[in-house]
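**Q** Before we start, here is the structure in question, set down as structure tokens.
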Amino acid sequence: MVERAGGRGTKVRLSEGAQANSRRRSQGTSGAAEAISPSRTASPDKKVIALVYDFDGTLSPRPMQEYAFLPKLGIEPKEFWAECTRVSKAERADSLITYMHLLYKKAKEKSVRIDRADLVAQGKKVELYPGVEAWFDQMHAYVKKRAGDAGINVRHYLVSSGLTEIIEGTKIYPHFANVFASEYWFDAYDLPFPKRVISDTGKTQFLFRINKGIEDLGESINAHMPEEQRPIPFSNFIYFGDGDTDVPSMALLKKNGGHAIAVHDPGESEGKCVELFKAGRCDFYAGADYRKGSDLFKRTCLLLDRIIADVRVKEEARGLG
């Protein structure tokens with residue numbers, strides 16, 4: 001952890017993950033969004049399109065802990081998640097805090113030490129759905145082509161109850177303008193202690209942060225901000241999720257003029273996505289195939305065309321004022 005000067009003479013403590021994001025943005029990476037301020041992320045011209053993703057089941061077929069963490073402990077994933085459910089119900093505890101606690105409790109029982117560097121290294125073993133690695137650059141290219149000289153661009157965000165540390169080790173981490181995920185506090189305790197836990201409903205906080213341009217977690221988002229001052233309108237959002245845990249985020253965006261796409265494993269039933277579609281939670285649903293030409297690719301491009309047209313219409317109207 002380090003401190004930096006914050007607004008109005010305060011100091012804001014930045015996590016290691018935030019430091020890494022800040023360094024990466026300042027250095028520049030292929031396909032990543034342009035360099036942005038941690039606390040004010042967009043100009044007020046409202047020409048940014050925010051693509052926001054869940055991770056487990058959306059970009060990756062399985063929970064990220066199943067690729068390296070649980071195998072390292074010799075634990076079957078189904079048994080682990082079933083135990084998490086039993087313990088959280090018996091103790092009336094938050095299910096996400098329970099899983100984060102049990103991961104390291106079991107590691108200690110097996111005398112396996114896993115620190116932050118280990119978790120980041122585990123990210124290299126996380127599998128992604130077809131086309132995910134190329135997706136981010138393709139979205140940038142598509143918007144640039146369709147928007148022409150209108151100055152409209154894309155930023156990718158990740159909002160996940162998974163672990164920030166593992167996400168940092170994945171191949172796609174450099175493409176995100178910011179990552180909001182659960183995180184451990186390693187320095188203060190013998191066993192790592194949850195520093196940030198992002199629940200299903202808690203994800204909506206980060207949609208508001210993106211909307212208001214207040215991405216520094218040391219700054220409050222509770223103060224009222226008029227709609228005209230918010231740099232990325234909800235109507236410029238597309239949210240990608242895979243199930244019930246994404247309903248609060250989808251509902252928030254749909255209620256405020258934003259967009260959502262539900263995805264499912266291409267080899268499994270689309271039943272849950274159909275339910276979300278019929279309930280009005282999403283605009284479209286598709287198999288989690290991110291390759292160019294797939295249903296997901298084409299339906300995302302339809303929404304991008306709609307947003308680009310809407311931004312141009314509003315800009316034209318402002319010019320008449």
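The values are calculated or read from the model by the stated rules, or taken from the named source; none is laboratory data. Just so you know, these numbers come straight off a predicted model, no measurement behind them. In this analysis, Cβ positions are derived from the backbone assuming ideal geometry, glycine residues included, and neighbour counts consider all displayed protein chains. We work out accessible area using only protein heavy atoms, side chains counted, and drop any ligands, DNA or RNA first. Shrake-Rupley method; radii C 1.70, N 1.55, O 1.52, S 1.80 Å.
**Q** All other residues with a Cβ under 12 Å from the Cβ of W81 taken together, and with Lys, Arg as +1 and Asp, Glu as -1, what is their net charge? Don't jump to the answer; show the numbers that get you there.
**A** Numbers: positive: R62, K78, R86; negative: D56, E66, E76, E79, E83.
Every neighbour counted, the sum reads -2.
**Q** Probe radius 1.4 Å, ligands and nucleic acids ignored: give me the carbon and sulfur share of the accessible area of the stretch 82-181 as a rounded percent. Present the calculation step by step, with values, prior to reporting the outcome.
**A** Working: 2220 of 4580 Å².
Whole-percent figure for carbon plus sulfur exposure: 48.
**Q** Another one. Whole-Hz ³J(HN,Hα) for each residue in the stretch 201-206, computed from phi via Karplus 6.51 cos²θ - 1.76 cosθ + 1.60 with θ = phi - 60°, x for glycine and proline: what do you get?
**A** 6, x, 4, 5, 4, 6
**Q** What ³J(HN,Hα) values, in whole Hz, does the Karplus curve 6.51 cos²θ - 1.76 cosθ + 1.60 give for the stretch 126-143 when θ = phi - 60°, with x put for Gly and Pro?
**A** My calculation for the stretch 126-143 gives 6, 7, 10, 5, x, x, 4, 4, 8, 3, 5, 5, 5, 5, 4, 5, 5, 5 Hz in order.
**Q** Please compute the per residue accessible area over the stretch 186-321 with all protein chains in place, 1.4 Å probe, rounded to a whole number of Å².
**A** Working: 6600 Å² over 136 residues.
Heavy-atom accessible area per residue stands at 49 Å².
**Q** Would you work out the relative contact order for the chain, in percent, from Cα pairs under 8 angstrom that are 6 or more residues apart? All intermediate terms of the calculation are to be shown ahead of the outcome.
**A** Numbers: 524 pairs, mean separation 69.9, N = 321.
Relative contact order, the chain: 22 percent.
**Q** Got a number for carbon plus sulfur as a percent of the stretch 236-302's accessible area, 1.4 Å probe?
**A** Details: 1400 of 2900 Å².
Here it works out to 48 percent.
**Q** Same structure, new question: May I ask which of K124/K195; K144/K195; K203/K298; K47/K254; K47/K124; K46/K255 have a Cα-Cα span longer than 30 Å here? Mind dumping the intermediate values first?
**A** Working: K124/K195 23 Å; K144/K195 38 Å; K203/K298 26 Å; K47/K254 19 Å; K47/K124 34 Å; K46/K255 19 Å.
Beyond 30 Å: K144/K195; K47/K124.
**Q** Among (i) 5, 26, 35, 24, 8, 1, 0; (ii) 6, 24, 28, 24, 14, 3, 0; (iii) 6, 29, 37, 23, 5, 0, which is the computed P(r) over Cα pairs in 10 Å bins from 0, in percent?
**A** (i)
**Q** Taking amide hydrogens as modeled 1.01 Å from N in the peptide plane, which residues meet the under 5 Å criterion relative to S60, leaving out close sequence neighbours?
**A** Y129
**Q** Quickly rank 240-249, 70-79, 296-305 as a protection proxy: mean count of other C-beta atoms within 10 Å, highest first. Don't jump to the answer; show the numbers that get you there.
**A** On the way: 240-249: 21.2, 70-79: 13.5, 296-305: 17.5.
Final packing ranking: 240-249, 296-305, 70-79.
**Q** A further question follows. Given a 1.4 Å probe, how much area per residue of the stretch 106-167 is accessible, in Å²?
**A** On the way: 2800 Å² over 62 residues.
With all protein chains present, the stretch 106-167 gives 45 Å² per residue.
**Q** Please turn the phi angles of the stretch 308-317 into ³J(HN,Hα) values with the Karplus equation 6.51 cos²θ - 1.76 cosθ + 1.60 (θ = phi - 60°), one per residue in order, whole Hz, x for glycine and proline.
**A** Computed from phi, the couplings for the stretch 308-317 are 4, 5, 5, 4, 5, 4, 5, 5, 4, 5 Hz.
**Q** Something else now. For S160, what residues show an amide H to amide H distance below 5 Å, using hydrogens built from the backbone and excluding near sequence neighbours?
**A** Excluding prolines and chain starts, which carry no amide H, the hits are F180, A181, S182.
**Q** Also: 5 Å is the cut-off here: which amide hydrogens, built 1.01 Å from N in the peptide plane, fall below it relative to Y285, excluding neighbours closer than 5 in sequence?
**A** Close amide H contacts, sequence-distant or interchain: A262.
**Q** Calculate I(q)/I(0) for the stretch 71-177 by the Debye formula, one identical point scatterer on each C-alpha and no solvent, and give its log10 at q = 0.24 Å⁻¹ to two decimals.
**A** -1.34
**Q** To test your reading of the geometry: what angle, between 0 and 90 degrees and rounded to tens, separates the Cα axis of helix 95-109 from the longest principal axis of the chain?
**A** Once rounded, one gets 40 degrees.
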